[in-house]
Amino acid sequence: MIIKDIQFEVKRFRFEEPMKIAFAEIVDMETCIVKVLTDEGFIGYGEAAPFPYVTGDNLSTVISVGRDLRDGLVGMDPRAIGSIHHKMDSMYAGNTAIKAGIDIACYDIASKAAGVPLYKFLGGDDPHIHSDVTIGIDTPDRMAAAALAWVNKGFEIIKVKLGEDIETDAERIRAIREAVGETIRIRIDANQGWSVRDSIRISRTLDRLGVDLIEQPVPEHDFEGLAEIRRNSDVRIAADESCHSIYDASRLMKMRACDIVNIKLMKCGGIYNAIKISAICEAAGIRCMIGCMGESTLANLAGMHLAAATDNIREVDLDSVYILKQEDVYGGYDHDGGHVTLWETPGIGCKVKGEQ
């Protein structure tokens, strides 16, 4: 089997409500659907969803680099995913979003050719995962109302965007905890918005309020600060923007800078590299989370399959499927609140309107 062509289609999805985070307010997401065609009739679908604040690329670079990568990959076996990555990395450093899109499409082909859903192709046997859902920054009372609305829909884990002044952020969590009760898990994401000192100060309050995870409290380059917060916090500390690559993961483990690593396919270049990052963390006794940055169902499903197949990925933050308006990309899973069951369809199982 060889790759005959790789095609790219731009799509835009709007959030049900604008999502405010520490460094941006996001109204919609532009993404690129990647279609890999083979000589044996198998077609793989992937997604390249750049997020300039994190991945450093944009839709223009995704398309231009993607066309160059296509020229280098045509004629290769899409199932030889290690070789695919070696070729892509030899052509371009970085550009992880388009590499992730091609990677996902190749895994889709490989698992379709094997006749099994992707999670089984990756070695898993349980199609069930449990995801959180995210609330953007707003006033304490509005965030509390939003959290309660999600709980009433069956969600048991709430992720809260923070990262402004710690006094107001603490009030937000107090209001949410009062609204949802004691049994709902709350994790927070500061998106690099705090200083080391403020992170340590607010962690004590968050611990009393039953928060079980603080994600990326300080700027991504401040590994030393992240480690200092971890040493002084009873709440688990997660690295997100600080971990893009296997080299970042190795450094975080050596510095004992976090309790958990949030892997995102668009940050690391796809499933192939995500598996490597998880293995590095597992060897150090550190669990992983799989997250997203507003991608559509397609990329989220790829992450769901990876989580279902990987013992060390214990936390799931794949919630943009619940908060994006999307009709062109759908299917592949059923859910009851945050409890997801993957379909047994070979491959990723996602349907692209007009393509299948």
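Rule-based calculations on the coordinates, nothing more; no lab input. Treat the numbers as computed from the prediction; the structure is a model and nothing was measured. Because the Cβ atoms are built from the backbone with ideal geometry, glycine has one as well, and the counts that use them run over all protein chains shown.
Helix 196-208: angle to the longest alpha-carbon principal axis of the chain, degrees 0 to 90, nearest 10?
80 degrees
Expressed as an acute angle from 0 to 90° and rounded to the nearest 10, what is the orientation of the C-alpha long axis of helix 81-91 relative to the principal long axis of the chain?
Orientation of helix 81-91: about 80 degrees from the principal axis.
Using alpha-carbon pairs under 8 Å, 6+ residues apart, how would you state the relative contact order of the chain in percent?
19 percent
Order the peptides 162-168, 345-351 from the highest to the lowest mean number of other Cβ atoms within 10 Å of their residues.
Going by the mean number of other Cβ atoms within 10 Å, highest first, we get 345-351, 162-168.
At 222 nm, what helix-only mean residue ellipticity would the chain give, in deg cm²/dmol to the nearest 500, using -39500 (n - 2.57) for each DSSP H run of four or more? Can you show the working numbers first?
Working: 14 runs with 147 residues, N = 356.
Estimated from H runs of four or more residues: -12500 deg cm²/dmol.
Assuming a ≥ b ≥ c are the square roots of the Cα gyration tensor eigenvalues, decide whether the range 125-200 counts as rounded (a/c under 1.5), prolate (otherwise, with a/b larger than b/c) or oblate.
Judged from the Cα gyration tensor, the range 125-200 comes out oblate (a/c at least 1.5, b/c at or above a/b).
Which whole-number percent is the relative contact order of the range 142-294 (Cα, under 8 Å, 6+ apart)?
16 percent
Return one number: the angle in degrees, 0 to 90 and rounded to the nearest 10, between the long axis of the Cα atoms of helix 140-152 and the longest principal axis of the Cα atoms of the chain.
Orientation of helix 140-152: about 60 degrees from the principal axis.
Dimensions of the chain along principal axes (Cα, Å, largest first)?
Between the extreme Cα coordinates on each principal axis of the chain lie 59, 41, 38 Å.
Hey, if you put +1 on the Cβ of every Lys and Arg and -1 on every Asp and Glu Cβ in the chain, which of Ile137, Ala179, Gly115 ends up farthest toward the positive end of that dipole?
Checked the options; the winner is Gly115.
Beyond 26 Å, what percent of the Cα pairs of the range 88-246 remain?
44 percent
Gain in length, Glu282 to Lys254, computed as 0.36 nm per residue apart minus the alpha-carbon separation, to one decimal in nm?
This chain segment gains 8.8 nm when fully extended.
Tell me whether the range 64-172 comes out rounded, prolate or oblate; compute the Cα gyration tensor, take square roots of the eigenvalues as a ≥ b ≥ c, and use a/c under 1.5 as the rounded threshold.
oblate
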